[in-house]
Structures are given as C-alpha cells and as structure tokens.
Amino acid sequence: MLVSAKEMLIKARDGKYAVGQFNINNLEWTKAVLLTAQENNSPVILGVSEGAGKYMGTYDAVVGMVNGLLKGLKITVPVALHLDHGSFEGAYACIEAGFSSVMFDGSHYAIEENIEKSKKIIADAFAKGISVECEVGSIGGEEDGVVGAGEIADTAECKQIADLGVTMLAAGIGNIHGQYPSNWAGLAFDALADIKKSVGDMPLVLHGGTGIPDDMIKKAISLGVAKINVNTECQLTFAAATREYILAGKDLKGKGYDPRKLLGPGFEAIKTTVKEKMDLFGSVNKA
Ligand code: 13P
C-alpha cells in the first residue's frame, strides 16, 4: 500500500540520511526502482512529472500500475507515489487519482501567490493523508520544458512556506536539473545552513541529484536534506546500457529484438544506479 512521504522523511531527518526520489517513466523503470528498494530494505519515493504522467497515459494508469506492482511483487518497504514539480491543477488531479504525495511548485509565482496556493493544497491534501512538497527559489536547468534559472532561495520566504506546515520544502541552493556544467559553482552550503536555521525541523529536499559529487551530497544531508531527487542519472545509465546492447548487435541475434530482452540491460542499469544512490544517501536498511 502506498504511504505518504511524511513519516519516512521525519525518520530520515532524525537519522541523518536521505530518502531517494527516483523519477519513473514506464513499467520497467517502476519495477526496477521498487525491486531495488525491496532488496535493500529501503524506503523510496517514486517521482512522476506531469510530462511523465502524460507519457504513461493518465495519472490513473500510473496509480494502477504502481499499486499492481506493490501487490504482485510483494513490496513491503514504504513507498510514496509523488507528483514532481506539479502545477496547481496537476496537484489536484493527482490527489484525486490516488497519489500519496504531491509537489506543488509555485516557485515561479510571486511569494504571496505561492503561499496562497500552497496553503490551499496543503489543507486539501492533508485532509486525505497526502504529503505535500512546496518550493521556494526555482531549481535551474530544464525539466519537461520547465526552465529554471537556478536561484538561491530567500531565507525569509522559506520560513513563510515552512510555517504553513508543509511536509517538506525544496529550496534552491544553486542546484540544477540535468547534468552540471563544468563551471558549476557547487551547492551553496552557507545558504543551506541559513535556510535550515530559519525553517527548524522541516525536512529539506535537494533536487537535481544527478552529478552532485558524493561529498556534497553527504554535507547536504548533514545540513538537513532528507529527500534527494534523481532523474537524469537513471536515464543516462539506461540509455548507455541499451546503446551497448544494440551496438554489440545483440538485437539481431536470435530473439534479441524481444523487448523483454532488449530492455533488460537498461533495466539492470537502473537497478545498479538506484542501489548506488541508496548506499550514498544512507537509506539502505532504513525501511
Ligand atoms: P536530475 O534529473 O538532475 O537528477 O534532477 C531530478 C529532479 O530534481 C526531479 O525533480
């Protein structure tokens, strides 16, 4: 059964580790992430962007697929199904469809409007036991056509959103989605420490987990990050493994064209990446 992200993040915050959010795109992705979480006895958050939701058909289809896999694969570790970077309307659609967690990304609105919309979603989601993530200071890079400039969140604004009682807060600290440019300045740890001081106990979320050096990940966790989002890295390792299979001509041998074979190496590559991240984030055996 899907659970809200609240309890797993409170445990992570108190235990000084982070729960990974791994974005899913299809059945193979979802199965790979769920099986890896179960094998490593780790809590996990399945992230679904609005674009990925459309790609998979409908939010209802996503909920049906995930619930079916939880039951059929006998997944017993805590799993949250979370809308990633949702719009106001998208958040309500996922609440209706049966997601157990939603992100409302109001970072592109003026803070007053972000607060007003966040407040409404928090009240309506909490009434159904659904956790909520809100964002202050847009995350840089491009994700599903949403382009952010990579801001450092304003500390006072973080406190205003945290004071609404949101479950977890994503605050920009120089992180960006996708691969980091070679001249990236790194995470702004001073800003992270200031934000943490102003929001107290609030579990913080680090987006753009792909390509952040291990030592920075560990430092971010020590400063209050309890959830880390990873998307691009699974896409890269999946693509590399699939490319290798095809370049080796394996799709042309026997029934190597069968999708159950063709997608096998990519599936295993996602599992390996997810396990590496769970080890790094410290969530192994924390279910
Ligand atoms: P990456 O694609 O950089 O791993 O970021 C994922 C993310 O933050 C999803 O919200």
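Data overview
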{"read-out": "Test for residue 157: is it modelled with pLDDT of 95 or more, over 29 Å from residue 279 (Cβ atoms) and out of contact with any Ser or Thr (no Cβ under 6 Å at 6 or more places or on another chain)", "value": "yes"}
{"read-out": "Members of the range 58-78 that are outside any helix (DSSP H, G or I), free of Cβ contacts under 8 Å to residues at least 60 places away in the same chain and not aliphatic (A, V, I, L, M)", "value": "58, 74"}
{"read-out": "Out of 178, 141, sole residue that is at pLDDT below 95, in a strand (DSSP E or B) and under 18 Å from residue 51 (Cβ atoms)", "value": "141"}
{"read-out": "Pair list, Cβ under 6 Å, 6 or more apart: the range 125-145 residue open to solvent by 20 Å² or more (accessible area, probe 1.4 Å), other residue modelled with pLDDT of 95 or more and among the aliphatic types (A, V, I, L, M)", "value": "none"}
{"read-out": "Residue 160 being open to solvent by 40 Å² or more (accessible area, probe 1.4 Å), outside any helix (DSSP H, G or I) and out of contact with any strand residue (DSSP E or B) (no Cβ under 7 Å at 6 or more places or on another chain)", "value": "no"}
{"read-out": "Subset of the range 186-220 [within 16 Å of the ligand (Cβ to nearest atom) and either in a loop (DSSP other than H, G, I, E, B) or touching a His at 6+ places or on another chain (Cβ under 6 Å) (or both)]", "value": "186, 187, 203, 207, 208, 209, 210, 211, 212, 213"}
{"read-out": "Some residue of the range 239-255 being modelled with pLDDT of 95 or more, under 17 Å from the mean Cα position of the chain (by Cα), in a loop (DSSP other than H, G, I, E, B) and surrounded by 12 or more Cβ atoms within 10 Å (Cβ to Cβ)", "value": "no"}
{"read-out": "Breaking point among (1) within 12 Å of the ligand (Cβ to nearest atom); (2) under 23 Å from residue 100 (Cβ atoms), for residue 179", "value": "(2)"}
{"read-out": "Condition met for residue 25 (at negative phi, outside any strand (DSSP E or B), within 14 Å of the ligand (Cβ to nearest atom) and not small (Gly, Ala, Ser))", "value": "yes"}
{"read-out": "Tally of residues being open to solvent by 60 Å² or more (accessible area, probe 1.4 Å) and part of a loop (DSSP other than H, G, I, E, B) across the range 1-21", "value": "2"}
{"read-out": "Breaking point among (1) within 15 Å of the ligand (Cβ to nearest atom); (2) touching a residue at least 40 places away in the same chain (Cβ under 8 Å); (3) within 23 Å of residue 153 (Cα to Cα), for residue 83", "value": "(2)"}
{"read-out": "Qualifying positions in the range 159-173 - within 16 Å of residue 224 (Cα to Cα) and away from the ligand (no atom under 13 Å from the Cβ)", "value": "159, 162, 166, 167, 169"}
{"read-out": "Candidates 206, 263, 187, filtered to the one that is of a type outside the set (S, T, N, Q) and open to solvent by 20 Å² or more (accessible area, probe 1.4 Å)", "value": "263"}
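The values are calculated or read from the model by the stated rules, or taken from the named source; none is laboratory data. Values in this document were obtained by computation on a predicted structure and should not be read as measured data. With ideal geometry, Cβ positions are generated from the backbone for all residues, glycine too; neighbour counts draw on all protein chains shown. Heads up: the accessible areas ignore ligands, DNA and RNA and are worked out on the full protein's heavy atoms, side chains in. Shrake-Rupley method; radii C 1.70, N 1.55, O 1.52, S 1.80 Å.
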